[in-house]
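Below: one structure, written as structure tokens.
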Amino acid sequence: MKKILTIALIALSVSAANAQIFSGERVLNQQNFDQQRWSWGYFLGFNKYDFDFDYINYNPSPVTGQDFRVETRFGFNVGLLGNLKLSHNLDLRLEPGVNFNTRGYQALKADAGTYREISSTYVHIPLLLKFSANRLNNFKPFVIGGVSTSINLSSNENNPDDNSAGQFRMTTNSYYYEVGVGIDLYLYYFKLSPSIRGVFAINDELIRDADPNSIYTGNVDKMSSRAIFINFTFQ
């Protein structure tokens, strides 16, 4: 996850540098865009979800130092944007979207049959504050943060089967805080805003198995999702 964050930050820096170089002639695109009280758009992007565990009794595998192995994969984001201009450098944003992701989950102290593939479809709704620097030619860096909630359409929360029947279960509703950085690039026909954001669940998302000594859930005090979003917003 740290490698992904580093690569994305480098990419954003390069984009900013290119924007400054190619806008050296000072021909401003979309000059009146930021004067709008309301603006709209959509975003496409990628995600990578992981799990963070707190244990009741910390007794990890002597080989890996963990009770569980989480296999992370890239997923896909798509959604809409509503932006309210509060002041010259401050905006309020609502970004409802749908996130698709698959994770692998395995208890390391047992055999390979403990592996579970967790496919998730989230309806994700963040409410964010965007703090922007002053515009420089055709680009403007910003930081963004706020809170969000999501509905996991693949949670299986109410499924009576648990891991003893091969069914991994999570809560349907989750709550998060988010923080990230990005750059507004003012192009000839539209504004493009690449950004990277860390997303961290606040609540416990694990539904326990019926067996209190289950190798999947028995020793877990809290399991929360964490993710990186790399989005490209078009306005």
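You will find that of 30, 20, 106, the residue that is at pLDDT below 90, surrounded by 12 or more Cβ atoms within 10 Å (Cβ to Cβ) and closer than 23 Å to residue 205 by Cβ is 106 and no other. Out of 117, 157, one residue alone is charged (D, E, K, R), in contact (Cβ under 8 Å) with a residue 12 or more places away in the chain and in a loop (DSSP other than H, G, I, E, B). It is 157. Among the residues making up region 199-231, a single one is over 13 Å from residue 180 (Cβ atoms) and among the aromatic types (Phe, Trp, Tyr): 216. Return the residue satisfying two criteria in turn: it lies in region 66-86 and is surrounded by fewer than 18 Cβ atoms within 10 Å (Cβ to Cβ) and aliphatic (A, V, I, L, M), and of such residues it is modelled with the lowest pLDDT. Among residues in region 66-86 that are surrounded by fewer than 18 Cβ atoms within 10 Å (Cβ to Cβ) and aliphatic (A, V, I, L, M), the one modelled with the lowest pLDDT is 70.
Select, from 149, 233, the only residue that is open to solvent by less than 40 Å² (accessible area, probe 1.4 Å) and not acidic (Asp, Glu). Only one candidate qualifies: 233.
The values are calculated or read from the model by the stated rules, or taken from the named source; none is laboratory data. Treat the numbers as computed from the prediction; the structure is a model and nothing was measured. Counting neighbours? That spans all protein chains shown, and the Cβs are built from the backbone with ideal geometry, glycine included. Side chains are part of the model used for accessible areas, which takes the heavy atoms of the whole protein and leaves out ligands, DNA and RNA. Shrake-Rupley method; radii C 1.70, N 1.55, O 1.52, S 1.80 Å.
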